Every structure is written in structure tokens, then in C-alpha cells.
1. Do you know the relative contact order of the range 16-149, to the nearest whole percent, from alpha carbon pairs under 8 angstrom that are 6+ apart?
2. Let me know the charge dipole size of the range 16-149 about its Cα centre in debye, to the nearest 20, where only the beta-carbon of Lys, Arg (+1) and Asp, Glu (-1) is charged.
3. Can you classify the range 40-81 as rounded, prolate or oblate using the Cα gyration tensor, where a ≥ b ≥ c are the square roots of its eigenvalues, rounded means a/c under 1.5, and otherwise it's prolate if a/b beats b/c and oblate if not?
4. Over the Cα atoms of the range 16-149, how large are the radius of gyration and the largest Cα-Cα distance (Dmax), in Å?
5. Taking 0.36 nm per residue of separation and subtracting the Cα-Cα distance, what length does fully extending Met164 through Asp131 add?
6. Using the per-residue mean of other Cβ atoms lying within 10 Å as a proxy for protection, in what order, highest first, do the peptides 74-85, 33-44 fall?
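What follows is calculated from the coordinates using simple rules that are stated; it is not laboratory data. Worth saying up front: this structure is predicted, and the values here are computed from it rather than measured. Positions of Cβ are backbone-derived with ideal geometry, glycine not excepted, and every protein chain shown enters the neighbour counts.
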Amino acid sequence: MARLSSVVLAALLSTIVTATDLAACGDAQYDPSKDTCFDNNFLCPIDGEVRELRCGDACYSLDQFSCSNTALVDNAVIGLDTLLDCGDKRFNSTDYVCHDGDFLCPFVCIDGLSRCLTGTFDRRATLRCADACYDPVKFSCIDDELHGLPPPNTNCLPLGGTFMGAPTCCPGLLAVADHCRDFCDFSPQLCSEVPG
């Protein structure tokens, strides 16, 4: 009987621990490592390293589709120089993603500064948080406010981190003086700007 009680107690505790890792998306509870909440009421899955985005009432993968206003567009039928619509703005789907039918966010470079400058990089879409765009690997958006995430590699320093000796900044950050900095703070002309 005591053994059964301890098994039941362990199961209940694991459920409680798991429930505390869940976040709210409208009335639903979800695991932020498996889904993304858009507009506080719409969930799209994360499959491995592929984060699906929202386009109207659908979820889509960037390697197959783009979103023009709130309609999916098959990447196989559009050219690299084809401009899509996002509200009253026109954009290239290799540089930007359209959120909510009228809000553009740029892609970020995944594979480091040198490949970012040459244009030969893997891209990751930034997401919308109120009137800002953010990298979901570095930040989360809760109630339209950005919150920093701990870096996935605990041996590296996040944005603003201070170091002594050899720089240990997380990927995508620059070691300047004794702090980890965002490249775009020093060379904004080389970073994408949202077309006006």
C-alpha cells in the first residue's frame, strides 16, 4: 500500500511540475517548446527546429509557403524577386515575414556574422510582440511585453553579458570591450530595415 501511495504521489508531482511549464494561449494551455501562440489565441506547432507561423487561419512552414496579407502563397510558384503584400507595404519573402496581414518583421541570420554579411545564411523569422519584432530564440512575448530567455548554451553570455579574458558571447553577438553586444547596434546600415 505504501509503495502504491508513493507511485501515485510521484505521478501527481510530475503532473504539477509539467503543468507549471505550460503557458496560456487564450483558454488553452500549451508547451512553448512545442507550440507558438499568436495573438494570444492561435497555436502553431514547432516541429523539431521548424517553427510554423500563422497566416490567417492557417499555420505554415517557411520552406514551403509565404504569407501575403493573410493568404498563403506557395513558394514553388513565386520567384525570388516577387514582391508580396503586407497591408499597404510590398516585401520580398526572402527578407521579411508578414504578421497579422499588415506587420512586417525581418529574418535574422542564424549562422554567425560572416555568413550574415555575405548573404549566405540560414534564416529564422522574427515574431511580432506589440509593435516590435523579436527573435524567439532569445526572447519571449508575454502580454505584449518582451522577456529575455536564458541562452541555450550555458557556457556563453547573453546580450549585455560581461566577461573577463576570452570572449564567450552567445552566437550572433559581438564581443565589444568587455560586453556582449548586438551587431546591429554598431552597424545598423548593414541590418535589414522594414520597408516603409
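1. Dividing the mean separation by the residue count of the range 16-149 yields 11 percent.
2. Working: 10 positive and 24 negative charges, 81 e Å.
Taking the Cα centre of the range 16-149 as origin, the dipole is about 380 debye.
3. It is oblate, given that a/c is not under 1.5 and a/b is not larger than b/c.
4. Computed over the Cα atoms of the range 16-149, radius of gyration and Dmax are 15.2, 50 Å.
5. Roughly 8.3 nm would be gained on extension.
6. The peptides rank, most packed first, as 33-44, 74-85.
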